[in-house]
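**Student:** Here you go, one structure.
Taken together, the values in this text are just the output of simple stated rules run on the coordinates, not laboratory data. Everything quoted here is computed from the prediction, not taken from an experiment. Positions of Cβ are backbone-derived with ideal geometry, glycine not excepted, and every protein chain shown enters the neighbour counts.
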Amino acid sequence: MAIICLTASTNIMPICNNTPPIALSISGHDPTGGAGVIADAEVFMHFGCHPCSILTCQTVQDSSTVQRLIPLNGSDLIAQANALFNDMSISVIKIGLTGSVECVTAIVNVLQQHPNVPVVFDPVLASGDGTPLASKKLINAITDTLLPLVDVLTPNTLEAVTLSTLSADSPIEELGENLLQKGAKNVLITGGHGQAEQIFNHLFQTDQATQQYGSERLSGEYHGTGCTLASAIAALIATGEPIQNAVEQAQAYTATSIKNARKIGKGQLFPYRFTSH
């Protein structure tokens with residue numbers, strides 16, 4: 001069947017009857033737009049996906065730090081998810097800041113209802129300046145109930161240590177294997193929180209050799225890099241890319257976004273997510 005595009009004028013984008021992949025972000029709201037569902041939507045749109053979002057929490061924050069986190073109601077999260085899934089064909093789910101044990105329980109409920117939708121999880125456990133955003137109970141809820149439902153987990157090294165309960169000096173291979181054993185199907189541990197001149201990310205997959213990716217560390221402090229990477233992986237999966245290809249392409253896109261980062265507020269730099277990829 002031919003696709004017919006209708007254009008009212010040369011100044012208006014064509015309206016086509018084809019439907020883009022639909023990507024759902026379940027995360028917190030960052031009023032600065034540097035992270036959270038706003039950042040996710042920017043990445044989704046860059047890769048040609050239609051963005052949808054469900055909030056887990058509101059935050060009081062600026063480009064420097066999170067001052068307060070206000071969790072939302074888990075039953076409302078489930079109701080919104082039911083409304084979306086009854087109306088649209090969701091291609092991928094990206095999870096970010098979960099906010100509370102109640103929201104984790106609600107997210108698990110949603111994922112169990114839709115087991116065939118790929119899930120990418122960026123486990124935001126602290127703000128960029130290190131302010132904790134997750135209690136011990138919340139971390140336990142994530143590891144016990146959410147990780148077994150995740151297709152791609154994207155922790156930084158600090159988050160990997162916290163979720164694995166291993167020591168901070170554990171070899172990266174032990175961290176990755178531990179998180180696979182907790183149920184995540186693929187684990188990309190990012191090395192951006194180190195101090196070395198080179199950043200190394202490691203992709204762990206069951207019964208496959210570990211993949212290592214290196215990139216140059218850029219000077220400066222950045223806000224929303226984890227959101228950018230995880231959302232790019234999710235968007236690429238939604239467009240049909242195999243997971244390993246999605247992981248590789250998303251890292252290149254994220255590196256370029258960071259290289260072109262902009263000073264929006266008084267604090268950290270924001271990745272520029274509309275760069276070429």
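**Student:** Using a Förster radius of 35 Å, what is the FRET efficiency between T256 and A79 based on their Cβ-Cβ separation? Nearest 0.05, please.
**Tutor:** Working from the Cβ atoms, E equals 0.35.
**Student:** Right, another one. Please check which bits of region 236-277 a label hung off L158 would reach, taking the label as a point 7 Å along Cα-to-C-beta and the cut-off as backbone N under 18 Å.
**Tutor:** Of the residues in region 236-277, 267-271 have backbone N under 18 Å from the label point off L158.
**Student:** Roughly how big is region 182-277's charge dipole about its Cα centre, with Cβ charges of +1 (Lys, Arg) and -1 (Asp, Glu), in debye to the nearest 20?
**Tutor:** On the way: 8 positive and 6 negative charges, 84 e Å.
Result for region 182-277 is approximately 400 debye, rounded to the nearest 20.
**Student:** On average, how much area does the Cα convex hull of the chain cover when viewed from any direction, in nm²?
**Tutor:** 15.7
**Student:** If I stretch the segment between T131 and S89 completely, what's the gain in nm (0.36 nm per residue apart, minus their alpha carbon distance), one decimal?
**Tutor:** That works out to 11.5 nm of additional length.
**Student:** Order these by the 10 Å Cβ neighbour count, fewest first: D30, D144, D169, D87.
**Tutor:** D169, D87, D144, D30
**Student:** About the Cα centre of the chain, what is the dipole size in debye to 20, counting +1 per Lys and Arg Cβ and -1 per Asp and Glu Cβ, all else neutral?
**Tutor:** That gives the chain a dipole magnitude of about 540 debye.
**Student:** Once you place label points 7 Å from the Cα toward the Cβ at T165 and V60, how far apart are they in nm?
**Tutor:** Calculated label separation equals 3.4 nm.
**Student:** Right, another one. What ranking do T19, T157, T256 get, fewest neighbouring Cβ atoms within 10 angstrom at the top?
**Tutor:** Details: T19 10, T157 20, T256 15.
Least to most surrounded, the residues fall as T19, T256, T157.
**Student:** Okay, helix-only estimate at 222 nm for the chain: each DSSP H run of n ≥ 4 adds -39500 (n - 2.57), divide by all residues, round to 500 deg cm²/dmol; what do you get?
**Tutor:** Working: 8 runs with 93 residues, N = 277.
That comes out to -10500 deg cm²/dmol.
**Student:** Suppose a student asked you for the relative contact order of the chain, using Cα pairs under 8 Å spaced at least 6 residues apart; what percent would you report? Walk me through the intermediate numbers first.
**Tutor:** Values: 565 pairs, mean separation 47.6, N = 277.
In percent, rounded to a whole number, it is 17.
**Student:** Positive end of the charge dipole of region 20-259 (Lys, Arg +1 and Asp, Glu -1 on Cβ, about the Cα centre): tell me which of H29, A250, V161 has its Cα farthest that way.
**Tutor:** The one lying farthest along the dipole's positive direction is H29.
**Student:** Going by how many other Cβ atoms sit within 10 Å of their own, how do K185, K137 line up, fewest first?
**Tutor:** K137, K185
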